[in-house]
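The values are calculated or read from the model by the stated rules, or taken from the named source; none is laboratory data. Treat the numbers as computed from the prediction; the structure is a model and nothing was measured. Heads up, the Cβs are rebuilt from the backbone with ideal geometry, glycines too, and the neighbour counts pull from every protein chain shown.
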Amino acid sequence: MHTNPRLSDFILANIEPILMAWEDFARTIEPPALTMDDEELRDHARQMLGTFAEDINTAQSEADSVAKSKGLAKRGRQDTAAEIHAQARLRSGYTVVQLVSEYRALRSSVLMLWSAEATGHSGTNLADVTRFNEAVDQAVAESVARYERLVKQSRNMFLAILGHDLRNPLGTLVMGSSFIMQALDLAPKYVLLATRMFNSATRMGKLVNDLVDFTRTHLGPGIPISPRQENLTTVCEQAVNELRTFHPDRVIELHAPASLSAFIDGGRFTQVLSNLIGNALQYGGKESPVAVEVTSADDDISIAINNRGPVIPPDKVASIFDPLVRLSGSEDAPPGESTNMGIGLFIAREIVHAHSGRIHVRSDTDGTTFTVTVPKKQKGLRATD
């Protein structure tokens, strides 16, 4: 009487035919696979097959089975073969879709070859197939998680380097155009051109600073602040006056007490106000003023910024602080008017949170209002040098 082999035993006894079938599929993936030799194509598939076979033979509880089918199985401290495989494939230029397709091909190769040899559908056979599929699902989850993490790290490192390297040439542009603006022996048209260059370079500098802060939140503990006791009214006046200079055709109203002491990082808070007021100018009507109102309570200070612009749909409001998310500007906004990359509101929120504060947005027929609330006194701030 012929006895069907256990799937685990079949895998270990037929690794070469399985790898050959899987390799045939891998070679159809272009262009990365065409640049790799046989040894590279098989790099970790052999290890994963061994892991699958061992897993099938290992007793497990029902809870373990459910976790593994979701890619949430317990694991040791060492990198798994699936994680190392994902790292190698990323370096070879594979997309995540191509990476997942390899596992689909590996699963198909094993089951097709085994079904050709096995007869009947015994309980052991079905249990082995279930355990095998769970093990493959776990490997896929580990590979995709590692791939995604490495892609994010690479992207953020690239952005950090880009932002850092852009600062020096931008500084040169700002300094050079500023020098020309102060010249007394140049025709007015050249001074006007230098002024436009200075304003453009300054706006680019703000974009670069936002970019650096964005990558800092992803590569480190967050945006650092150095808080001290400052006059918040003065900080607000400086931010508003700067934006009035950049937008001479717009009205920015500031309502604030003559003096208001707060424990804040003045430079960072200016950045918050610049981003929020700039956003209000961009998405509000050109004929409508932007109002900045500062109020003080017993323990907190609130700053409300309203643009009297069109109502933002609720689904857009829910994601308005997400990085790299941008709303559609007003219909009458000229092309290229935007000076942000969709991370200004994200940066503002992170700075407010670093001050142990909170930020809220409301959009209705009275316009869109961002309200920032921060404590007057030191309260668990993430201060750094």
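One table, with the values for the structure above:
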| item | result |
| --- | --- |
| Unique match (being closer than 30 Å to residue 104 by Cα and hydrophobic (A, V, I, L, M, F, W, C)) among 194, 187, 201, 141 | 141 |
| Near pairs, Cβ below 7 angstrom, 6+ apart or cross-chain, from segment 295-319 (more than 13 Å from residue 232 (Cβ to Cβ)) to any residue that is basic (Lys, Arg) | 299/376 |
| Residue match in segment 122-135 (condition: out of contact with any helix residue (DSSP H, G or I) (no Cβ under 9 Å at 6 or more places or on another chain), surrounded by fewer than 17 Cβ atoms within 10 Å (Cβ to Cβ) and not in a helix (DSSP H, G or I)) | yes |
| Residue within segment 311-322 that is surrounded by fewer than 18 Cβ atoms within 10 Å (Cβ to Cβ), among the β-branched types (Val, Ile, Thr) and over 15 Å from residue 355 (Cα atoms) present | yes |
| So residue 374, is it modelled with pLDDT of 85 or more, assigned to a strand (DSSP E or B) and either over 21 Å from the mean Cα position of the chain (by Cα) or not assigned by TED's automatic domain parsing to the domain that holds residue 234 (or both) | yes |
| Residue selected from segment 95-132 under the condition among the β-branched types (Val, Ile, Thr) and under 23 Å from residue 65 (Cα atoms), by the criterion modelled with the lowest pLDDT | 124 |
| Residue in segment 178-195 that is part of a helix (DSSP H, G or I) and touching a residue at least 24 places away in the same chain (Cβ under 8 Å) present | no |
| Options 232, 254, 192, 243: the member that is surrounded by fewer than 17 Cβ atoms within 10 Å (Cβ to Cβ), more than 21 Å from residue 159 (Cα to Cα) and modelled with pLDDT of 85 or more | 192 |
| Verdict on residue 303 being touching a strand residue (DSSP E or B) at 6+ places or on another chain (Cβ under 7 Å), under 18 Å from residue 374 (Cα atoms) and in a helix (DSSP H, G or I) | no |
| Condition met for residue 356 (surrounded by fewer than 19 Cβ atoms within 10 Å (Cβ to Cβ), in a loop (DSSP other than H, G, I, E, B) and either at pLDDT 70 or above or not assigned by TED's automatic domain parsing to the domain that holds residue 252 (or both)) | yes |
| Residue list for segment 267-299, filter: touching a Gly at 6+ places or on another chain (Cβ under 8 Å) and surrounded by fewer than 20 Cβ atoms within 10 Å (Cβ to Cβ) | 285, 288 |
